[in-house]
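*Asks:* The structure that follows is given in the form of structure tokens.
The values are calculated or read from the model by the stated rules, or taken from the named source; none is laboratory data. As the structure is a prediction and not an experimental result, all values here were calculated from the model. Please note: Cβ atoms are built from the backbone with ideal geometry, for glycine as well, and neighbour counts cover all protein chains shown.
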């Protein structure tokens, strides 16, 4: 098992290298640069800026420099937020995004799974139809509709919660963003779980358990649910990576100081180092969570072995 | 009838007017139409019938295990107490505890995610109120009882680490855990190799002698019913058409259907072709190995020797039967002979060595050497019409043919396998298993091959349907001068169809010779065991054989 983890982490290195290289050059192919949009920038000042950030060097040298910096854990300075390094921005923003994302994910897994199991057990009856309708609504209504609606009803009309802001991480400030993030996930998990559970309940070994008179709890939880967990696990890995690295819409609408906005802002502003930093962080999250998924898989299903 | 059957006088399990219906999108299906059956303690009642006769669903209804769209009516009494329509909570006091059931599919009937020990402990804790430790001790005893070697170690094994036969033994152990009085066994040996099948039947017998259980034995196999059961009930279209002592019903059947079932057991022999018939296929030292695993980080790969230096000569008009149990390499050999899998050794088709030939030449040879696969449903594309499926080979081998000529060929091929050509625009799922097998044969026949590799073509079919296929194959062989390589685990079909037989085990040839000689006087111990295990062939008393 340990050997397998080591092997997976080793194979992650060429993957990361490939991602970094590809994004580095793709980014440079896009027209413009970090300082090309600033108005009233005299050519001298601009040349000066580019020299400071070594953007006047040949591309291959810039690439090698970036790689060398990256190997030392240095993501470089942000071009558009010159008072901060990329690492600074992540140090502040990432914990916020992770808090929101993790809360939303846990909520989605618990609530979504529960709804899915209930729907599966009452297949083609009222409760099932309600869950399916809810799940369809949840996954079709976009977050940029849910978030303002939430603000309108609960903040502006009822005044139960603040409209936006982080409030130093106060609970009332988190409810809106977490719910907005979680709602589509609850819908997806509920649908996945419903399908997996229906499939699982049809298995021959469930018939065996019933024939042995093992009773509802053992049949549903011990035998059916465990098998139904597998598709949920494989969905949750990539979903976790996406949720924990922040959401543009939610962070913008609720004015949350997370890292989700950076990707879009930085890409629009050609903030090369910040885009690269975001890419590396997301890639690492994806790789790590995929590894966790595979390890969990082996834990749930003894037929999966990594030796 | 044995002494055991007379011991109990009141019925243990009694079905009266049992009726099962299913609501389907195509309307209501009336699967069981008011049957009456009774089982006494210590007795074995075989419920015999073909697929769709309702024999399994009747027992599923009795156990409260019908699918959600199923409804049961009538009465099911256990020791005089009505159990049909009980809540599942109340039913769970009977299921597993008093009446246990084992199923056909040993590979999937155990939960793949839990160890054998943990699954065995469940009914013990549930019905016998044993503690975890006591359940473990009892589980070891149960595994010993059903003949699992090294039971202590096996407790920690997962189902996928056991063979099919061992899994069925574990299933039996689980069913017996709470010492039930009735065991319902739904085709418990159908998915198993014949030698394993004999062992499981012997195990059930000895357990029955020991615990005096009543057994309901659901089977399509008349031979098994004859040797294992005290009484037989024959079912058709959801009704019991005949019931009585096994010896009587199966030797002097009163009902036409029973007579038809008995007549459907494969009979007849195949005379060998003339000694000077031309050789169509010759193979010397065929050797097939598979690599398992391996790769950049995965360590060394494992080599499996699937076929180990097997030779054969097939003449025109000859049928060679290749028999063996699962994993014997018989299917791989069939595929290797027509180069569907790569093999070492010399194989020549119609005098041309297939090792030396180019792709175009190989294609021309393949046209004359076709294969018919085992699973007639899985091997027909569900999204093509039967006409398209049958014509597909012509598109490859005779691209010049126009649509009308292809159509004519399809009609001729369908008529050849006695299917109505008007059905050619339908899809495979609209046909029965036997019809689909005919379609698969028509697909091969349309290319006018000289050699047909038939890989278990009758295994998925009921005996009466199988009989039709056997007759079809005989007629086609005579009319077209075909040579067959008939691969099967079913010794009685092989005996009826082939004039030469090859017995394979672990990739090696165990024995080969003229069919009747091998069946009459098998030289190898393994062949003898195979023939002994396949019921109804040698005519000796089952008890003598099982001893």
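*Asks:* Kindly list the number of the only condition in (1) surrounded by fewer than 21 Cβ atoms within 10 Å (Cβ to Cβ); (2) at the interface with chain A (Cβ under 9 Å from one of its Cβ atoms); (3) assigned to a helix (DSSP H, G or I) that fails for residue B:140.
*Replies:* Residue B:140 satisfies every listed condition except (2).
*Asks:* Give B:99, B:116 a once-over and let me know the one that is within 13 Å of chain A (Cβ to nearest Cβ), touching a strand residue (DSSP E or B) at 6+ places or on another chain (Cβ under 8 Å) and surrounded by 15 or more Cβ atoms within 10 Å (Cβ to Cβ).
*Replies:* B:99
*Asks:* Based on what the data block shows, is residue A:246 closer than 13 Å to residue A:100 by Cβ and surrounded by 19 or more Cβ atoms within 10 Å (Cβ to Cβ)?
*Replies:* yes
*Asks:* Also: With the structure loaded, tell me whether residue B:165 is out of contact with any strand residue (DSSP E or B) (no Cβ under 6 Å at 6 or more places or on another chain), in a loop (DSSP other than H, G, I, E, B), farther than 13 Å from residue A:205 by Cβ and more than 14 Å from every other protein chain (Cβ to nearest Cβ) or whether it fails that test.
*Replies:* No.
*Asks:* Can you name every residue in region B:330-361 that is surrounded by fewer than 16 Cβ atoms within 10 Å (Cβ to Cβ) and closer than 19 Å to residue B:483 by Cβ?
*Replies:* B:340, B:346, B:351, B:352, B:353
*Asks:* Right, here's the next one. Can you confirm whether residue B:383 is surrounded by fewer than 22 Cβ atoms within 10 Å (Cβ to Cβ) and assigned to a loop (DSSP other than H, G, I, E, B)?
*Replies:* Yes.
*Asks:* Right, next: Please find, within region B:143-162, the residue that is farthest from the other protein chains (Cβ to nearest Cβ) out of those that are closer than 24 Å to residue B:95 by Cα and part of a helix (DSSP H, G or I).
*Replies:* B:144
*Asks:* Does residue B:406 satisfy the condition of being in contact (Cβ under 8 Å) with a residue 12 or more places away in the chain and either touching a strand residue (DSSP E or B) at 6+ places or on another chain (Cβ under 7 Å) or closer than 30 Å to residue B:307 by Cα (or both)?
*Replies:* No, not satisfied.
*Asks:* Could you count how many residues in region B:146-163 are under 23 Å from the mean Cα position of the chain (by Cα) and surrounded by 17 or more Cβ atoms within 10 Å (Cβ to Cβ)?
*Replies:* Final tally of qualifying residues: 3.
*Asks:* Shifting gears a bit: Filter region B:90-133 down to the residues that are touching a helix residue (DSSP H, G or I) at 6+ places or on another chain (Cβ under 8 Å) and assigned to a helix (DSSP H, G or I) and list them by number.
*Replies:* Across region B:90-133, the qualifying residues are B:116, B:117, B:119, B:120, B:121, B:122, B:123, B:124, B:125, B:126, B:128, B:132.
*Asks:* Another question, then. Do we find that residue B:81 is more than 32 Å from the chain's Cα centre (by Cα) and more than 9 Å from every other protein chain (Cβ to nearest Cβ) in this structure?
*Replies:* In short, yes.
*Asks:* If you don't mind, another one. For the structure I just gave you, tell me whether residue B:173 is away from chain A (no Cβ under 11 Å), within 29 Å of residue B:327 (Cα to Cα) and touching a strand residue (DSSP E or B) at 6+ places or on another chain (Cβ under 8 Å).
*Replies:* No; evaluated as a whole, the condition is false for this residue.
*Asks:* Next question. Let me confirm something: among A:209, A:190, A:236, which residue is within 14 Å of chain B (Cβ to nearest Cβ) and part of a helix (DSSP H, G or I)?
*Replies:* A:209
*Asks:* Looking at region B:102-113, which of its residues are modelled with pLDDT of 90 or more and surrounded by fewer than 20 Cβ atoms within 10 Å (Cβ to Cβ)?
*Replies:* B:112
*Asks:* Sticking with this one: Consider only pairs whose beta carbons are under 7 Å apart and that are at least six residues apart or on different chains; among these, list those whose first residue lies in region B:256-267 and is exposed (fewer than 15 other Cβ atoms within 10 Å of the Cβ) and whose second residue is modelled with pLDDT of 85 or more.
*Replies:* Note: pairs meeting the criteria are B:259/B:253; B:267/B:496.
*Asks:* Follow-up question, since we're still on this one. If only one of A:226, A:270 is in contact (Cβ under 8 Å) with a residue 12 or more places away in the chain and in a loop (DSSP other than H, G, I, E, B), which one is it?
*Replies:* Going through A:226, A:270 in turn, the sole match is A:270.
*Asks:* Kindly list the number of the only condition in (1) more than 10 Å from chain B (Cβ to nearest Cβ); (2) at pLDDT below 90 that fails for residue A:215.
*Replies:* (1)
*Asks:* Just checking, which of B:390, B:411 is more than 29 Å from the chain's Cα centre (by Cα) and at pLDDT 90 or above?
*Replies:* Of B:390, B:411, the one residue that is more than 29 Å from the chain's Cα centre (by Cα) and at pLDDT 90 or above is B:411.
*Asks:* Looking at region B:126-135, can you tell me whether even one residue there is in contact (Cβ under 8 Å) with a residue 12 or more places away in the chain, within 30 Å of residue A:298 (Cβ to Cβ) and at the interface with chain A (Cβ under 10 Å from one of its Cβ atoms)?
*Replies:* Checking region B:126-135: at least one residue is in contact (Cβ under 8 Å) with a residue 12 or more places away in the chain, within 30 Å of residue A:298 (Cβ to Cβ) and at the interface with chain A (Cβ under 10 Å from one of its Cβ atoms).
*Asks:* Looking only at region B:38-57, decide whether some residue is in a strand (DSSP E or B), surrounded by fewer than 23 Cβ atoms within 10 Å (Cβ to Cβ), more than 14 Å from chain A (Cβ to nearest Cβ) and touching a helix residue (DSSP H, G or I) at 6+ places or on another chain (Cβ under 7 Å).
*Replies:* Yes, because at least one residue in region B:38-57 is in a strand (DSSP E or B), surrounded by fewer than 23 Cβ atoms within 10 Å (Cβ to Cβ), more than 14 Å from chain A (Cβ to nearest Cβ) and touching a helix residue (DSSP H, G or I) at 6+ places or on another chain (Cβ under 7 Å).
*Asks:* Okay, moving on. Quick one: which residue in B:441, B:446 is in contact with a helix residue (DSSP H, G or I) (Cβ under 6 Å, 6 or more places away or on another chain) and surrounded by 19 or more Cβ atoms within 10 Å (Cβ to Cβ)?
*Replies:* B:446 is the lone residue from the list that is in contact with a helix residue (DSSP H, G or I) (Cβ under 6 Å, 6 or more places away or on another chain) and surrounded by 19 or more Cβ atoms within 10 Å (Cβ to Cβ).
*Asks:* Given the criteria within 14 Å of another protein chain (Cβ to nearest Cβ) and at pLDDT 90 or above, does residue A:299 qualify?
*Replies:* The answer is no for residue A:299.
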